[in-house]
Structure formats: C-alpha cells, structure tokens
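Colleague: Attaching a single structure in structure tokens format; questions to follow.
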Amino acid sequence: MTLRTSLSRGPSFTHFPFYPIPLLISGTPHSISFHLKGFAMFRKIIATSSSWATIPIRLALAAIFFAHGAGKVFGSFGGPGLNNFINQGPAPFSFMRPAWLWWGAAAVSELLGAILVFLGLLTRVGAFLLACTMVTAIIAVHWPAGFIAKGGYEYPLALLAMSLALLVAGGGMASVDRNLSSGRRR
C-alpha cells in the first residue's frame, strides 16, 4: 500500500515515518497536505544531477571553506578563533546589527556549508550558505580593491561560481543526497 493510498483512506498511518503523525497533527486533510508538501520540498532539495563532475567542485570548495571556517570558529589553521572573529569591528553593511551576530553567522556558515558540501548532504543548502557569504564578501570587502589586484574579488568570485554550480546541480553521483533520493534523477 502506498502513502497516497493510505492517505486517501484516512489518517491510519502504519508506515514507519508516518505512524506518529496522528499524535502530532489533528488529522485534517489540510494538515496532512501540509506535511506532504514539506516532504516534497525536501525531495526537491536533495534531488541531484547524475553527473560525476560535481565531485571535484565539491571537494575543492569544501577544503577551502573548511579551512577558512575552522580558522574563524576554532582558531585552527592560524585563524583568529570565534571570539576574536566576532569582535573584529563593525559589520560590512550598516543594516547588519548587531555586528557580532553577523560575523558569527558568516563563520558558522563557512564551516557548516563546507561540511554539508563535502558530504553531499543537503548540498544545495550548504552551497547557498557559501554563496551568501561570498556575495557579502565580494560586495563589502573585495570590490573596492578591483578585480585582480591584491585583495580583489577575483578569487571570491570563483568560489561564488563554484557554489552556484552546486546550487544548480546538487551533490551529483557520489553524495548522500543521491543515496537519500534512492538514485532518482532530476
């Protein structure tokens, strides 16, 4: 019996992931519909391309951002550590208040995004975190220096492009996303 068939008969959920649902929701068709929409959204997020080309992009991007994120959060690789990083001064944009919160979000986004991208687990979410960090870095920090000058935005732009490629393609063949989606192709 499929999920759709069991739902059409009413809220008698005997399948593993769905049996606690009657305890959590009222059982109305609207709440069941909402749950299924959330499940469909999760499936869209983990859907991935059937390409092997994402593997070198994922590994390179994860290595770069793991080193940067671990340095900012833990002080590894000669980084400042979280306390020094979040107290470095004003945020890049005036609307980013309190500044320590935005600096902390950037540091954790780099570390968490790198781990997700490396594993290929929720690759699009990890790539989105990294892309947001790079857009902010390009506009607020690197843009004034120009394109290829020291401290310019050439390198952050390449990292942004890699993040956007993973945001579009997903984790690819060798990813946890691929395993979770049971090999379904997009």
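Colleague: Just one of (1) surrounded by 19 or more Cβ atoms within 10 Å (Cβ to Cβ); (2) in contact with a Gly (Cβ under 9 Å, 6 or more places away or on another chain); (3) within 18 Å of I64 (Cα to Cα) trips up G172, so point out which.
Modeller: (3)
Colleague: Enumerate the pairs (first residue in region 92-106 and more than 18 Å from L130 (Cα to Cα); second residue anywhere and of a type in the set (K, R) and open to solvent by 40 Å² or more (accessible area, probe 1.4 Å)) with beta-carbon separation below 9 Å, excluding pairs fewer than 6 apart on the same chain, so at least 6 apart or on different chains.
Modeller: Hits for this filter: zero, empty list.
Colleague: For the subset of region 78-127 comprising residues that are over 17 Å from L59 (Cβ atoms), assigned to a helix (DSSP H, G or I) and of a type in the set (F, W, Y), which member is least open to solvent (accessible area, probe 1.4 Å)?
Modeller: My answer is F85.
Colleague: What's the number of the only condition in (1) farther than 27 Å from G89 by Cα; (2) open to solvent by less than 40 Å² (accessible area, probe 1.4 Å); (3) in a helix (DSSP H, G or I) that T133 fails to meet?
Modeller: (1)
Colleague: Are there any pairs with C-beta distances below 6 angstrom linking a residue in region 41-54 that is over 14 Å from V125 (Cβ atoms) to a residue that is not in a loop (DSSP other than H, G, I, E, B), with the two at least 6 apart or on different chains, and if so which?
Modeller: Close Cβ pairs (under 6 Å, with a partner that is not in a loop (DSSP other than H, G, I, E, B)) amount to S49/A169; S50/R185; T54/A169.
The values are calculated or read from the model by the stated rules, or taken from the named source; none is laboratory data. The structure displayed is predicted, hence computed values, not measured ones. Here Cβ is always computed from backbone atoms with ideal geometry, including for glycine, and neighbour counts include all displayed protein chains. Ligands, DNA and RNA are excluded from the accessible area calculation, which covers all protein heavy atoms including side chains. Shrake-Rupley method; radii C 1.70, N 1.55, O 1.52, S 1.80 Å.
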